[in-house]
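Working notes for the structure below.
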Amino acid sequence: MTSDQQVSHYDATGPPTRTYDANAPPTRTQDGNATSFKRGSSVQGSRFFPYEPFRYCFCCMPEVLSILPSQCKRIHCWAHLVLLLGVVTSTSLMVDTSYSWYWHGCRESSWGFPCQGRVLPLIFVGCCIFYFIRTIQQYDENLLKKQKDIEQAKDNLAKCYQETVSEMDRYVANSMDTQASLAERSFESKRRDFQRFMQKISRDYKSVGGNCTEAQDTFLLKELRRFVGHWLSVFAECSIDPVARPLVLISEEDLDSCSSVAELAELVSQRAKAAQVRIISYQRERDQKELKGLRGIFQKKRDEHFQKLAARRRSSQRKSMVKDVEVGTLKFGMGVMQQESADVVDHKWFQPCGSKRLCAWDASNAGQDGFPVELHCFRSRIVFLSAEHIQLMVAFIIGFFVLAFEFAMVKTAKIFLACALVVCQICIVFVLYEFIDIDIVQQLENQLKDVQAEQDKLENRRQTMIGFYENAQLLADIWLHRTVPRLELMKQLSDGAEDSGAGQLLPVLTNMNAKLQDLEDSLPALSEWLSNEVMDNNDKNRVGNSLNQLTKAHDVKEVLAWMPQCTRQINQDNKRVKWSNSVGN
């Protein structure tokens, strides 16, 4: 299979790339009609084509050939040749008319609008040349094969879309059992524990000083503020970006503004109660809702595409009296056998004697772009498929006016202009005759672009979503070895402070704060944890094991007794890591 017979989609980061055979049977639509064009709409396999007009031209250097569009280097069929002639002659007509107008002035008859001999040819060219250029780009291969390619490409994109959504579903489902989710649940548990501790402190110290003197209350407020600060600094790491965007519950200014123990405890209790840690679960719920909508959006777009093509086919179809040799045969389409209709359907936009109405305008099949619409006139039926369709009809009519002007209204007719007009008219006739097929290809190409745009949006969303969960997994190592053990340590210390009673709270908090400060100072900076170049997994595990060992103490007295030893061990590990890095550098 050659490269021009294969179409590949999706990038290397997505599902496996698929290739398909362009010569495979055409897919079938839901209305039972084959989506392929009329057989014979384009000629391929002729002994004359494909033909490369510049292949044996010795005067054409490779540098010159590289400038030419690919559609001009190889002619695939008679239709391709006719459109090339149309582009060349219409361009020549435009250049000749503009040149003559500039050097020889206007050409006009005794009646009509001024300078119609120059204006009419330019209007004629403007109505057809741009459509010729756009249509000729579709003749890099025959229309039948191109339609199959586009429809197969749409199917491939649809499969990739569904596979991408399924992959995202798996990421979302698996996110519940990851270490990051386990760490998140631990964060919530420790947050509730500290909130209840501060709530109890608030109740016990509602009156200023409680059972303490005013001086003792001042010192207690200071030590409690330090203890809360330690907890807040640890809890700030419960974020998807703890370095750049830490989770700040209370600012230092708000802590300093509290004038009593009860006020401080009440503030911290309220903020801790309102600050639920739902980093993974919130993102998971959001992704599940978005994935449900993504399936609906894509299915809705596919339905719109199908209805648009079906409306165009339905608006221009009529039963033909010619028997199709394949009528009644069983064909495989969409994975099941389907019985083809016994009625042969032909598609024509102009159907003389195809209507029972003398004069009517029917836009019942029109889509968002306003087409197709039907004109019923004197029992004939004309279907306008697009604005370009009407534009070509107008150009065809204007062409006759230009010819009439040249041969009947002007004494000196221009033979070159007349010949160019005749060639352009032939091209217009061909395009109008094949317009149903060409229009369907253009609609399919537009739909393919829409599907590709949706696929690109989904891929961007996939990269963002996967990046979030992968980043969460990287942070899970930090959370489990650094944040969760320290939050567990703070819980044990707060339980010990709560059990000490109101009279002993000040000395207990003072002792705890001193040892907590030493432990926090011994820990490597968070940025060093995030850098594998500074700390490898073994270094992180050693620090995490030391912290976890500290949390296994039976009571708060044992915890306080082990804290200096843990601090020394972490300091020694830090020195060894710094020495190893300095030797390695």
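Things to note:
- Among the residues listed as ASP369, ASP346, the single one being assigned to a strand (DSSP E or B) and either modelled with pLDDT under 80 or among the aromatic types (Phe, Trp, Tyr) (or both): ASP346
- Scanning the stretch 372-385 for residues that are in a loop (DSSP other than H, G, I, E, B) and surrounded by 12 or more Cβ atoms within 10 Å (Cβ to Cβ), we see that the one that is farthest from the chain's Cα centre (by Cα) is ARG379.
- Residue selected from the stretch 248-267 under the condition in a helix (DSSP H, G or I) and touching a residue at least 24 places away in the same chain (Cβ under 8 Å), by the criterion farthest from LYS200 (Cα to Cα): ASP256
- Taking every residue in the stretch 72-95 that is surrounded by 17 or more Cβ atoms within 10 Å (Cβ to Cβ) and aromatic (Phe, Trp, Tyr) and pairing it with any residue that is in a helix (DSSP H, G or I) and modelled with pLDDT of 80 or more, at least 6 positions away or on another chain, yields no pair with a Cβ-Cβ distance below 9 Å.
- Residues that are over 13 Å from MET168 (Cα atoms) and of a type in the set (A, V, I, L, M, F, W, C), drawn from the stretch 277-301: VAL277, ILE279, ILE280, ILE297, PHE298
- Figure legend. Inter-residue proximity from the stretch 551-569: first residues within 19 Å of HIS481 (Cβ to Cβ), second residues of a type in the set (Asp, Glu) and surrounded by fewer than 17 Cβ atoms within 10 Å (Cβ to Cβ), beta-carbon distance below 9 Å, spacing 6+ or different chains. Indicated pairs: MET563/ASP518; THR567/ASP518; THR567/ASP521.
- From the list GLY126, GLY105, the one residue that fits, being surrounded by 14 or more Cβ atoms within 10 Å (Cβ to Cβ), more than 17 Å from VAL441 (Cα to Cα) and either modelled with pLDDT under 80 or among the small types (Gly, Ala, Ser) (or both), is GLY126.
- Scanning the stretch 216-243 for residues that are in a helix (DSSP H, G or I) and not hydrophobic (A, V, I, L, M, F, W, C) returns GLN216, ASP217, THR218, LYS222, GLU223, ARG225, ARG226, GLY229, HIS230, SER233.
- Checking each residue in the stretch 279-294 for being exposed (fewer than 14 other Cβ atoms within 10 Å of the Cβ) and among the basic types (Lys, Arg) picks out ARG286, LYS289, LYS292.
- Lone unmet requirement of (1) within 30 Å of ASN156 (Cα to Cα); (2) free of Cβ contacts under 8 Å to residues at least 12 places away in the same chain; (3) in contact with a strand residue (DSSP E or B) (Cβ under 6 Å, 6 or more places away or on another chain) for ILE390: (1)
- Residue list for the stretch 350-369, restricted to those being exposed (fewer than 12 other Cβ atoms within 10 Å of the Cβ), under 34 Å from the mean Cα position of the chain (by Cα) and in contact (Cβ under 8 Å) with a residue 12 or more places away in the chain: ASP369
- Check on GLY117, of a type outside the set (Ser, Thr, Tyr), under 21 Å from ALA404 (Cα atoms), crowded, with 17+ Cβ neighbours inside 10 Å and modelled with pLDDT of 75 or more: yes
- Matching entry among GLU454, GLU528, GLU470 (being acidic (Asp, Glu), under 42 Å from the mean Cα position of the chain (by Cα) and within 30 Å of GLY370 (Cα to Cα)): GLU454
- Any chance ASP518 is over 52 Å from the mean Cα position of the chain (by Cα), surrounded by fewer than 17 Cβ atoms within 10 Å (Cβ to Cβ), within 21 Å of HIS230 (Cβ to Cβ) and without any contact (Cβ under 8 Å) to a residue 60 or more places away in the chain: no
- Test for SER320: is it more than 27 Å from GLN447 (Cα to Cα), at pLDDT below 65 and among the hydroxyl-bearing types (Ser, Thr, Tyr): yes
- Unique match (being in contact with a Cys (Cβ under 6 Å, 6 or more places away or on another chain) and touching a residue at least 24 places away in the same chain (Cβ under 8 Å)) among SER527, SER546: SER546
- Hey, ILE415 touching a residue at least 60 places away in the same chain (Cβ under 8 Å), over 28 Å from HIS305 (Cβ atoms) and surrounded by fewer than 19 Cβ atoms within 10 Å (Cβ to Cβ) or not: no
The values are calculated or read from the model by the stated rules, or taken from the named source; none is laboratory data. Keep in mind that this is a model prediction, so the values were computed, not measured. Positions of Cβ are generated from backbone atoms using ideal geometry, with glycine treated the same way; all protein chains shown enter the neighbour counts.
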